Amino acid sequence: MRFVTFEPPGQPPGQPPGGGARFGFFAGSETIVDLQGAFAALLAGEMPAARALDLAAEMAPADALAFIQGGAVCLDAARQARTFIEQAGAQARGPGGQRILFPTDQVRLLAPLPRPGKFIAAGKNFSDHLKEMTAGGNHPKNPVAFAQAASTVVGPDSRVPYPPETEKLDYEVEMAVVIGRPAFRVAAEDALDHVFAYTIFNDISARDLYRDEGRTGVPLLGKNLPGFAPMGPALVTPDEVPDPQALGLRCRVNGETRQDSTLANMVFKIADQIAYWSRLGLEPGDVLSTGTPSGVAASRKPGETPWWLKPGDRIEAEVDGLGILRTEIGPPDPAG
Amino acid sequence: MIDPPPGAAGGRLGAVLAALSAGAPGDLEKRLAADSAGAWATPRLRAPIDAGAKALVIGGRRARAQGGAADPDGLITGYLKFPTAFAPPGATLRLPGSGLGFDVDAVLGVVIGRRAHRVQAEDAWAHVAGVTLMADVTERAVYQEEARTNNGLLAKNHPGLSPLGPAIRLAEGGALDPVLDPAWEISLEINGQLRQRFSVADLAHGIEEVLSFWSPMTLEPGDLIGLGGAIAMPADASQICSPAAIEPGDNLKVFCDAIGVLEAFVTAEDEQ
């Protein structure tokens, strides 16, 4: 299934997540279903509407994190809701007559998981990226990663203001894993069983800050300025991604291809990364992003046209089977 | 002094602190009474941090070598601890494996009460809810390995190994009152022996500077900024705080007269 967090039409734009945002799923590519409304409609065929609404609130939460934390019970409710919608057709309505089906182009998509738990972002994990960024091209002995602040997550078609703190703004297309089952010290062969979904992450970075902070500490400002974590457009469950390790991924800026690679080039595979970072204790709703390939702006050599992002640039981060995540760089954000 | 209500679910603490920052202190008691009836009955404390918060602790591998001073460019650096890294007051810390190779630092934790985004240093106090204590536990070998690639994530984030608490001492008076008294001393004892001591005056960076510097990341109610021994520059150089090794069987205590005593006990997972 493909889950989204969306604002129905008629919602004042810019309302913070949770203030009217709903968790739902794609029924085909043209329709988005309000999950809780659809599940309540299903239940209302068997019980009083008030009871159906109460039960649906528990088993099919309107909040992405609560849904993921609900585990198999919630996933099962979602599958039942999908079947119900397939049978009920375009006339389907919630128990109170409310709309539960929306054309895709009428809703505003937010980040499908607006507030993750822990967000761990891998670095130095593609053989081609290592070659372009380090002298020896050798990879670290163990996976390396930094923490992404959950408050930096933004959704599809977001506009990231150009921060005053940097002159070297960069993009990175990545595939991110959302954890669905608690994982503590899991073996690599079991690791993918703990995945709730896959999605796209554009790891926007301020390379000058990143380099300076790295002299004595870990990247903080360099990876966590406002809007630095666009994610989406949807959370795609593993049944729709038969071979996640083989997916192609690419990044275009203003239509020009900058990154074009495959997840097969990962140094530490998805399962190995999950296993390693499970030493921290991974929980449902945690996100692990798996690294970016070559072609970032920081890789340009002197004499080559710089690729640093500037206001007005339009980025398309694409992972096969997961869609395209679009982000625009906005005007400079005045300091203070 | 306020102990976090044991019944408080994730997110509640941030909401309480934000309400405090916005309203009169008297509102807090009314709000807690309404939200958590009966929750005061049990004495068990939790680490005073929400599931969705972040803890930013200043200090890096060169901070100590430079005597805690910032990079010449004025850059403040440090690392992030997830809420899952923390342990409640009075916890038994079960260090992985045989329990060897772990260090601890005393840290003063400043708790955010009002959302702070690109704030000036002179406005910092208005965003502070209070202070607490932390025993920041690090796995030494992993820390050194991660430092080679300028990453420090696993070393600082083993689940449930860093005690936080015992409570949050709230700012009193108006928003402009400084919360930290330069004379306050924060100490670390292991098995009754003093291992670290620094005063707020010894810290190479004040909370105003650090909060302002990191506020572009957006600091939210319930977030925490840690200032610890790594950046303490006492007048007497022999008092510079080195990380203190802990091992199974140890009793560790971080305390400050103005805040309280944070205690924990150390064992190893391999022990019964």
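Which ones in the stretch A:22-54 are within 21 Å of the chain's Cα centre (by Cα) and surrounded by 14 or more Cβ atoms within 10 Å (Cβ to Cβ)?
A:R22, A:F23, A:G24, A:F25, A:F26, A:A27, A:T31, A:I32, A:V33, A:D34, A:L35
Just for strands (runs of 3 or more DSSP E) wholly inside the stretch B:86-156: which have at least 2 residues that are hydrophobic (A, V, I, L, M, F, W, C), more than 14 Å from every other protein chain (Cβ to nearest Cβ) and under 27 Å from B:F213 (Cα atoms)?
Because the criterion is at least 2 residues that are hydrophobic (A, V, I, L, M, F, W, C), more than 14 Å from every other protein chain (Cβ to nearest Cβ) and under 27 Å from B:F213 (Cα atoms), the strands (runs of 3 or more DSSP E) in the stretch B:86-156 that meet it are B:102-112, B:128-139.
In the stretch A:225-243, is there at least one residue being over 18 Å from the mean Cα position of the chain (by Cα) and within 28 Å of B:N151 (Cβ to Cβ)?
No, because not a single residue in the stretch A:225-243 is over 18 Å from the mean Cα position of the chain (by Cα) and within 28 Å of B:N151 (Cβ to Cβ).
Test A:V267 against the stated conditions and say whether it is modelled with pLDDT under 95 and either touching a strand residue (DSSP E or B) at 6+ places or on another chain (Cβ under 8 Å) or within 14 Å of chain B (Cβ to nearest Cβ) (or both). Lay out the reasoning, then the answer.
Numbers: modelled with pLDDT under 95: yes; either touching a strand residue (DSSP E or B) at 6+ places or on another chain (Cβ under 8 Å) or within 14 Å of chain B (Cβ to nearest Cβ) (or both): yes.
Yes.
Looking only at the stretch B:181-234, count how many residues are of a type in the set (F, W, Y) and within 14 Å of chain A (Cβ to nearest Cβ).
Of the residues in the stretch B:181-234, the ones of a type in the set (F, W, Y) are B:184, B:198, B:213-214.
With within 14 Å of chain A (Cβ to nearest Cβ) added as a condition, the list becomes B:213-214.
Adding up the residues that qualify gives 2.
I'd like to verify a number: residues in the stretch B:75-109 that are under 12 Å from B:I58 (Cα atoms) and surrounded by fewer than 24 Cβ atoms within 10 Å (Cβ to Cβ), how many?
Residues meeting the conditions: 1.
In the stretch A:152-169, what count of residues is obtained for those that are within 13 Å of chain B (Cβ to nearest Cβ), of a type in the set (S, T, N, Q) and within 23 Å of A:F6 (Cβ to Cβ)?
Going through the stretch A:152-169 one residue at a time, the tally reaches 1.
Checking the condition part of a strand (DSSP E or B), aliphatic (A, V, I, L, M) and in contact with a strand residue (DSSP E or B) (Cβ under 7 Å, 6 or more places away or on another chain), which residue from A:I120, A:I85 passes?
Matching residue, one of A:I120, A:I85: A:I120.
Quick test for you: out of A:K168, A:K118, A:K131, A:K124, pick the one residue that is more than 18 Å from A:K223 (Cβ to Cβ), basic (K, R) and either surrounded by fewer than 23 Cβ atoms within 10 Å (Cβ to Cβ) or at pLDDT 95 or above (or both). I'd like the intermediate steps shown before the answer.
Details: A:K168 fails: more than 18 Å from A:K223 (Cβ to Cβ); A:K118 fails: more than 18 Å from A:K223 (Cβ to Cβ); A:K124 fails: more than 18 Å from A:K223 (Cβ to Cβ).
On inspection, the qualifying residue turns out to be A:K131.
If a residue has to be crowded, with 19+ Cβ neighbours inside 10 Å, in a strand (DSSP E or B) and among the hydrophobic types (A, V, I, L, M, F, W, C) to count, how many in the stretch B:222-254 make the cut?
Selection size over the stretch B:222-254: 8.
To keep it simple, each residue is scored yes or no on (1) hydrophobic (A, V, I, L, M, F, W, C); (2) in contact with a helix residue (DSSP H, G or I) (Cβ under 8 Å, 6 or more places away or on another chain).
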site: A:N142; (1), (2): no, yes
site: A:T152; (1), (2): no, yes
site: A:E165; (1), (2): no, yes
site: A:E172; (1), (2): no, no
site: A:D193; (1), (2): no, no
site: A:L209; (1), (2): yes, yes
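So how many residues does the stretch A:296-321 have that are surrounded by fewer than 17 Cβ atoms within 10 Å (Cβ to Cβ), of a type in the set (D, E) and touching a residue at least 12 places away in the same chain (Cβ under 8 Å)?
Going through the stretch A:296-321 one residue at a time, the tally reaches 1.
I need the full set of residues from the stretch A:188-239 which are of a type in the set (A, V, I, L, M) and either closer than 16 Å to A:V173 by Cβ or away from chain B (no Cβ under 14 Å) (or both), in order please.
Let us first name the residues in the stretch A:188-239 that are of a type in the set (A, V, I, L, M), namely A:188, A:191-192, A:195, A:197, A:200, A:204, A:206, A:209, A:218, A:220-221, A:225, A:229, A:231, A:234-236.
A:A188, A:A191, A:L192, A:V195, A:A197, A:I200, A:I204, A:A229, A:M231, A:A234, A:L235, A:V236 - these are the residues of the stretch A:188-239 that are of a type in the set (A, V, I, L, M) and either closer than 16 Å to A:V173 by Cβ or away from chain B (no Cβ under 14 Å) (or both).
So which pairs qualify, if the first residue must be in the stretch B:257-272 and of a type in the set (S, T, Y), the second must be surrounded by fewer than 16 Cβ atoms within 10 Å (Cβ to Cβ) and part of a strand (DSSP E or B), the Cβ gap must be under 9 Å, and the two must be at least 6 apart or on different chains?
As it stands, the answer is B:T267/B:T92, since those pairs meet every condition given.
Out of B:D202, B:D136, I need the residue that is more than 24 Å from A:G117 (Cα to Cα), of a type in the set (D, E) and buried (at least 17 other Cβ atoms within 10 Å of the Cβ). Which one? Quick ask: steps written out before the conclusion?
Details: B:D136 fails: more than 24 Å from A:G117 (Cα to Cα).
The conditions single out B:D202.
Pairs needed: first member in the stretch A:202-213, more than 17 Å from A:P161 (Cβ to Cβ) and at pLDDT below 90; second member anywhere, among the polar types (S, T, N, Q) and crowded, with 24+ Cβ neighbours inside 10 Å; C-beta distance under 9 Å; at least 6 residues apart or different chains.
Listed by first residue and then by second, the contacts come to A:D212/B:T77; A:E213/B:T77.
Looking at the stretch A:95-115, which of its residues are within 14 Å of the chain's Cα centre (by Cα) and either part of a loop (DSSP other than H, G, I, E, B) or surrounded by fewer than 24 Cβ atoms within 10 Å (Cβ to Cβ) (or both)? Break it down stepwise before answering.
So in the stretch A:95-115, the residues within 14 Å of the chain's Cα centre (by Cα) come out as A:109-115.
Across the stretch A:95-115, the qualifying residues are A:L109, A:A111, A:P112, A:L113, A:P114, A:R115.
The values are calculated or read from the model by the stated rules, or taken from the named source; none is laboratory data. No experiment lies behind these values; they were computed from the predicted model shown. When we count neighbours, we look across all protein chains shown, and the Cβ atoms used for this are built from the backbone with ideal geometry, even at glycine.
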